[in-house]
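*Asks:* Below is the structure I would like to discuss, written out as structure tokens.
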Amino acid sequence: MRYRIVPVTRFRQNCSLLWCPDSLRAAVVDPGGDLELIQAAIAEEGVAVEKILVTHGHADHSGGAAELSECLGVPIEGPHPDDGFLIDGMAKQAARTGLTGARGFTPDRWLDEGETVEIGPLILSVLHCPGHTPGHIVFHHPASKLAVVGDVLFRGSIGRCDGPKGDHMQLVNAIRGKLWPLGNDTEFIPGHGDMSTFAWERAANAYVCDFVEY
């Protein structure tokens, strides 16, 4: 699987373009805004987007999903239904964050733990990783040893848990119990900032490294 990161919105959120190098079938993950940048990346890579994937309901990650879905004529898959209240409240989020173009939507498919999504011939696993938000999910492509983790985990940090229905221990348990078993050599695309590996985070991330006890 190939990927390209397109930072969008004033929060520099990592929207990801994922595609199969053979079929050139693609998906856009977390189109929070700045759709012209996302569409330019699609054109430059010469791929055919067949769906939009959403990790969670925060406006900087999902605020542009409705418009992009309409522009491309493709369905939206994700997040987990527990984030429905955030998507329903998108207008309030937009007013609070200044992301004025953010719009709510109803996904064509909600996603849950153990399900899969397809991008052409590629199959990605879905993991439900609550804590930052209750319905946050992660996408994992085992063959590429790549995970798209949204705001669950960052290089040297973890997602905030002080928002509505956030839970710090849920987040820590999701990282340790669901992400670490994917393998130390797994790379991940976070919702913001630089990529990293689970090995590096287990050794150096002060919030969830192997030397921290709760």
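The values are calculated or read from the model by the stated rules, or taken from the named source; none is laboratory data. These figures come from a predicted structure and were not determined experimentally. We place every Cβ from the backbone using ideal geometry, glycine too, and count neighbours over all the protein chains shown.
*Asks:* So Asp82 clears everything in (1) under 18 Å from Gly120 (Cβ atoms); (2) surrounded by fewer than 21 Cβ atoms within 10 Å (Cβ to Cβ); (3) touching a Pro at 6+ places or on another chain (Cβ under 7 Å) except one condition, right? Which one?
*Replies:* (1)
*Asks:* Given (1) in contact with a Cys (Cβ under 6 Å, 6 or more places away or on another chain); (2) within 30 Å of Gly73 (Cβ to Cβ), identify the lone condition not met by Leu171.
*Replies:* Among (1) in contact with a Cys (Cβ under 6 Å, 6 or more places away or on another chain); (2) within 30 Å of Gly73 (Cβ to Cβ), Leu171 violates only (2).
*Asks:* Can you find, within segment 142-163, the residue that is surrounded by the fewest Cβ atoms within 10 Å (Cβ to Cβ) among those that are over 13 Å from the mean Cα position of the chain (by Cα) and assigned to a strand (DSSP E or B)? Explain how you work it out, then say what you get.
*Replies:* So the first thing to find is which residues in segment 142-163 are over 13 Å from the mean Cα position of the chain (by Cα), and the list is 142-145, 155-158, 160-163.
Filter once more, so that each one left must be assigned to a strand (DSSP E or B): 157-158.
Working: Ser157: 15, Ile158: 22.
Ranking the qualifying residues of segment 142-163, first place goes to Ser157.
*Asks:* Pairs needed: first member in segment 77-98, under 14 Å from Ala65 (Cα atoms); second member anywhere, surrounded by fewer than 18 Cβ atoms within 10 Å (Cβ to Cβ) and modelled with pLDDT under 95; C-beta distance under 7 Å; at least 6 residues apart or different chains.
*Replies:* Hits for this filter: Ala94/Thr100.
Results for (1) at pLDDT below 95; (2) surrounded by 20 or more Cβ atoms within 10 Å (Cβ to Cβ); (3) within 14 Å of the chain's Cα centre (by Cα), shown as yes or no for each residue.
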{"position": "Leu68", "(1), (2), (3)": "no, yes, no"}
{"position": "Gly120", "(1), (2), (3)": "no, no, no"}
{"position": "Ile137", "(1), (2), (3)": "no, yes, yes"}
{"position": "Lys165", "(1), (2), (3)": "no, no, no"}
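*Asks:* With the requirement that a residue be over 25 Å from Val152 (Cβ atoms) and either touching a strand residue (DSSP E or B) at 6+ places or on another chain (Cβ under 6 Å) or crowded, with 18+ Cβ neighbours inside 10 Å (or both), what does segment 28-44 give you? Talk me through it step by step, then tell me what you get.
*Replies:* Applying the first criterion (over 25 Å from Val152 (Cβ atoms)) to segment 28-44 yields 36, 39-40, 42-44.
Scanning segment 28-44 gives a single hit, Ile42.
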